[in-house]
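Following: one structure in structure tokens, then a few remarks.
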Amino acid sequence: MPEGFEAASTDLPSDQPDDLTPVAGGGLLHRRALLKRGLVFCSATASAVSTAGSEAVAASPPDAVSDASGNFPLWMQTPGAPFSTYGVPSKHESQVVRRIGANRLAPGNGVSWTPLEDLEGFITPTGLHFERHHNGVPEIDPAHHTLTIHGRVKQPLAFSVADLLRYPMRSHLIFIECGGNSNAGWHAVPIQRPVGSFHGMVSCSEWTGVPLSLLLSEAGVDPSATWAIAEGADAIAMNVSLPVSKLMDDCIVALYQNGERLRPEHGYPMRLIAPGWEGVLNVKWLHRLELTDQPVMARNETAKYTELQPDGRARQFTFVMEAKSLITSPSHGQHLAGPGFYEITGLAWSGRGRIRRVEVSADGGKSWADAALQDPVLPRCLTRFRAPWRWSGQPAILKSRATDESGHVQPERKALVAQRGTNGYFHCNAIVSWGVDEDGDVMHVYA
Ligand SMILES: Nc1nc2c(c(=O)[nH]1)N[C@H]1C(S)=C(S)[C@@H](COP(=O)(O)O)O[C@H]1N2
Ligand SMILES: [Mo]
């Protein structure tokens with residue numbers, strides 16, 4: 001444990017007044033404080049708009065449905081809009097979109113980032129799940145798409161979409177994170193962008209499909225088959241190698257995302273899901289799995305997605321995404337309206353399993369307090385954490401630090417850089433620091 005560590009007590013009786021006593025430096029309060037007492041953030045009801053339309057109406061006196069002068073808002077004076085066949089967000093939320101960073105000359109090669117700072121909970125709405133394509137989104141006719149399993153198998157098999165839809169399925173509620181997520185963390189100077197625009201290559205969905213172990217067993221895996229080459233049906237025929245043991249363990253051929261059939265940008269009609277492993281292994285538009293006795297040494301496991309270390313050698317096949325966390329609020333670009341109570345909240349995840357603990361610091365890492373982990377805390381899934389904080393109005397530095405059930409502790413940036421140098425580009429899981437200045441403006445800092 002680092003110097004100055006001061007864990008929050010977990011066993012205060014629920015009505016202890018101590019909940020509002022700081023448990024760490026910089027004004028961090030016990031994680032239960034916001035749950036135990038109401039804190040008035042909103043303006044008094046006399047000036048507030050009516051509460052009609054919410055559950056509160058039934059319990060409120062009749063005059064609470066209109067404002068103080070007895071007027072109803074426009075939307076209470078005419079019938080509402082009719083039904084829609086497929087819902088879309090409110091027009092008042094139209095600024096909540098993926099931010100695109102693509103190659104100007106090849107606009108299908110690039111990224112679109114999840115706006116993490118605008119979202120709550122832990123599920124990413126499908127339309128905001130980040131995208132990473134190496135050569136655009138193919139328009140696949142599902143009637144003419146098959147998944148072929150061949151190579152070191154007893155009998156090669158080809159599965160149509162209709163075939164796969166007849167198999168028993170299972171769901172994984174998991175994150176997918178690109179190995180290149182957060183790579184601006186390697187820059188010498190902290191990048192000043194909203195959190196989603198440099199950490200937003202992580203998203204969380206429910207993926208449903210056919211366990212690969214079923215399909216491989218049908219084809220009959222030859223004992224000499226230790227690796228498989230997975231290839232997509234995009235115009236780059238993107239391919240990677242995975243150990244057969246992972247495919248047999250928990251991989252699925254996903255056909256559904258968040259309950260509906262995959263969207264084209266996420267692999268329609270089928271993709272590989274490799275829980276907890278780096279994004280590139282989750283091959284989209286999957287059409288071929290070739291079992292072999294060695295990796296194929298494709299571009300995406302040699303020239304890319306390997307990490308040059310200080311000793312001149314490169315790490316390769318760094319499959320697992322290590323424990324990581326970040327505070328999404330307050331975060332870069334946000335503004336604190338004034339001293340007082342705030343809920344610090346963010347996301348934590350690990351490719352090795354469940355998040356066991358998230359600590360937050362409001363004094364640049366001198367002292368730490370345990371954040372509350374919001375249920376559910378699932379393996380290899382985003383976990384939402386929360387910590388109450390009383391900002392004094394003085395400059396503060398906020399950090400979060402995740403520990404997973406394997407015992408991996410998210411490293412400080414300095415320690416990670418000392419270990420790996422700055423040429424690695426991938427797998428940056430360093431602690432993220434946000435500086436709050438005396439005006440309440442929040443910036444990305446290295447601290
Ligand atoms: N066929 C194919 N599969 C692919 C890619 C691709 O370009 N082509 N990109 C990979 C990378 S690098 C990542 S991070 C994930 C992103 O998945 P998503 O776009 O559904 O978020 O898909 C992977 N699968
Ligand atoms: Mo990726």
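The values are calculated or read from the model by the stated rules, or taken from the named source; none is laboratory data. Everything quoted here is computed from the prediction, not taken from an experiment. Quick reminder, even Gly has a Cβ in these numbers, built from the backbone with ideal geometry, and neighbours come from all protein chains shown.
Here Trp227 meets the list (1) in contact with a Pro (Cβ under 9 Å, 6 or more places away or on another chain); (2) under 20 Å from Val111 (Cα atoms) almost entirely, failing just condition (2).
Exactly one condition in (1) within 16 Å of ligand 1 (Cβ to nearest atom); (2) of a type in the set (A, V, I, L, M); (3) at pLDDT 95 or above is false for Ala162; which is it? Ala162 satisfies every listed condition except (1).
If you filter segment 262-303 down to residues that are within 18 Å of Asp234 (Cα to Cα) and exposed (fewer than 15 other Cβ atoms within 10 Å of the Cβ), you find that the one that is farthest from ligand 2 (Cβ to nearest atom) is Pro264. Inspection of segment 145-157 identifies no residue that is on the phi > 0 side of the Ramachandran plot, within 16 Å of ligand 2 (Cβ to nearest atom) and not aliphatic (A, V, I, L, M).
Residues are listed down the side, and each one gets a yes or a no for (1) outside the structural domain of His134 (by TED's automatic domain parsing); (2) touching an Asp or Glu at 6+ places or on another chain (Cβ under 7 Å); (3) at pLDDT 65 or above; (4) surrounded by 10 or more Cβ atoms within 10 Å (Cβ to Cβ):
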site: Thr51; (1), (2), (3), (4): yes, no, no, yes
site: Ser60; (1), (2), (3), (4): yes, no, no, yes
site: Asp67; (1), (2), (3), (4): yes, no, no, yes
site: Phe72; (1), (2), (3), (4): yes, no, yes, yes
site: Ala81; (1), (2), (3), (4): yes, no, yes, no
site: Pro89; (1), (2), (3), (4): yes, no, yes, yes
site: Val97; (1), (2), (3), (4): yes, no, yes, yes
site: Ala102; (1), (2), (3), (4): yes, no, yes, yes
site: Gly108; (1), (2), (3), (4): yes, no, yes, yes
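Looking only at residues that are assigned to a loop (DSSP other than H, G, I, E, B) and within 16 Å of ligand 2 (Cβ to nearest atom) in segment 118-144, which one is surrounded by the fewest Cβ atoms within 10 Å (Cβ to Cβ)? Ranking the qualifying residues of segment 118-144, first place goes to Asn135. Restricting Pro269, Pro223, Pro275 to residues that are over 27 Å from Pro138 (Cα atoms) and assigned by TED's automatic domain parsing to the domain that holds Glu131 narrows the list to Pro223. Each residue in segment 304-331 was checked for being surrounded by 21 or more Cβ atoms within 10 Å (Cβ to Cβ) and assigned to a strand (DSSP E or B), and 5 pass. Among the residues of segment 153-174, write down those that are over 30 Å from Gly353 (Cβ atoms) and touching a helix residue (DSSP H, G or I) at 6+ places or on another chain (Cβ under 9 Å). Hits for segment 153-174 are Val153, Lys154, Gln155, Pro156, Leu157, Phe159, Ser160, Val161, Ala162. Of all residues in segment 86-100, those that are without any contact (Cβ under 8 Å) to a residue 24 or more places away in the chain and closer than 16 Å to His129 by Cα have Cβ atoms under 8 Å from Cβ atoms of residues that are hydroxyl-bearing (Ser, Thr, Tyr) and part of a strand (DSSP E or B), 6 or more apart or on another chain, in Ile100/Ser112.
Evaluate the following for Gly338: is it part of a loop (DSSP other than H, G, I, E, B), within 22 Å of Ile191 (Cβ to Cβ) and either acidic (Asp, Glu) or assigned by TED's automatic domain parsing to the domain that holds His427 (or both)? So Gly338 does not fit the description; no. Of all the numbered requirements in (1) surrounded by 19 or more Cβ atoms within 10 Å (Cβ to Cβ); (2) on the phi > 0 side of the Ramachandran plot, Asp234 misses one, and that requirement is (2). Scanning segment 262-287 for residues that are more than 9 Å from ligand 1 (Cβ to nearest atom) and within 15 Å of Ile174 (Cβ to Cβ) gives Ile273, Ala274, Pro275, Gly276, Trp277.
Does Gly259 fit the bill of being within 14 Å of ligand 1 (Cβ to nearest atom) and at pLDDT 95 or above? Against the criterion (within 14 Å of ligand 1 (Cβ to nearest atom) and at pLDDT 95 or above), Gly259 does not qualify.
The number of residues in segment 292-315 being under 23 Å from Glu177 (Cα atoms) and more than 16 Å from ligand 1 (Cβ to nearest atom) comes to 6. Quick check: anything in segment 160-174 hydroxyl-bearing (Ser, Thr, Tyr), in contact (Cβ under 8 Å) with a residue 12 or more places away in the chain and in a strand (DSSP E or B)? Yes, the conditions are met somewhere in segment 160-174. Would you be able to say whether some residue in segment 302-320 is at pLDDT 95 or above and acidic (Asp, Glu)? No: segment 302-320 contains no residue that is at pLDDT 95 or above and acidic (Asp, Glu).
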